[in-house]
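One structure is given here, and the rest of the page talks about it.
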Amino acid sequence: MEKKHVWQFSRVGGVNRVNLEKGSDLLYLDTLDQKLWAALSCPVNGLELDTSTLQLIDSDNDGKIRVPEVLTAVKWIVSLIKNPDHLIERRNSLPLQDINQNSEEGKILYTAAKQI
């Protein structure tokens, strides 16, 4: 039987929202019913996040980031690090040994980061 992920929620401004508190929350994000997402799309411009980063996530270049694009970005980034909890911890840096070198892309990232 497949393990079921237990989501934690909080109520903010009269709206229930899912809490992303652990790396496992990111790993199971694709199982979260989209009816429970706070937003199904957001603009690339005008947010507190770096626009150039958001443009990379906007894979169809339509100026909006939608759920499938978020899921693709999350799947990509968690494949490149050994412990997805580090993404939740809001660290300023990621030690080289935390880069997952089991994929070709991870090896390239490790080599580039080590050279820098």
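Checked against (1) within 22 Å of GLY106 (Cα to Cα); (2) in a loop (DSSP other than H, G, I, E, B), LYS4 meets all criteria but (1). Scanning the stretch 51-87 for residues that are open to solvent by 80 Å² or more (accessible area, probe 1.4 Å) and either under 24 Å from ASN102 (Cα atoms) or among the basic types (Lys, Arg) (or both) turns up LEU56, LYS64, ARG66, THR72, LYS75, TRP76, LYS82.
Of all positions in the stretch 90-98, none carries a residue that is open to solvent by 70 Å² or more (accessible area, probe 1.4 Å), part of a helix (DSSP H, G or I) and either closer than 30 Å to PRO43 by Cα or of a type in the set (D, E, K, R) (or both). Annotation: of all residues in the stretch 12-42 being part of a strand (DSSP E or B) and either at pLDDT below 90 or open to solvent by 70 Å² or more (accessible area, probe 1.4 Å) (or both), the one that is farthest from GLU89 (Cα to Cα) is VAL15. Residues in the stretch 68-85 that are within 11 Å of the chain's Cα centre (by Cα) and not charged (D, E, K, R): VAL70, LEU71, THR72, ALA73, VAL74, TRP76, ILE77, VAL78, SER79, PRO84. For the stretch 99-116, residues that are in a helix (DSSP H, G or I), among the aliphatic types (A, V, I, L, M) and open to solvent by less than 100 Å² (accessible area, probe 1.4 Å) total 3. The criterion of being open to solvent by 60 Å² or more (accessible area, probe 1.4 Å), over 19 Å from GLN8 (Cα atoms) and part of a loop (DSSP other than H, G, I, E, B) holds for ASN45. If only residues of the stretch 62-76 that are in a helix (DSSP H, G or I) and touching a residue at least 24 places away in the same chain (Cβ under 8 Å) are counted, the one that is farthest from ALA113 (Cα to Cα) is VAL67.
The values are calculated or read from the model by the stated rules, or taken from the named source; none is laboratory data. Only a predicted model underlies this, so the values are computations on that prediction, with no experimental measurement involved. Please note: Cβ atoms are built from the backbone with ideal geometry, for glycine as well, and neighbour counts cover all protein chains shown. These accessible areas exclude ligands, DNA and RNA; they are computed on the full protein's heavy atoms, side chains included. Shrake-Rupley method; radii C 1.70, N 1.55, O 1.52, S 1.80 Å.
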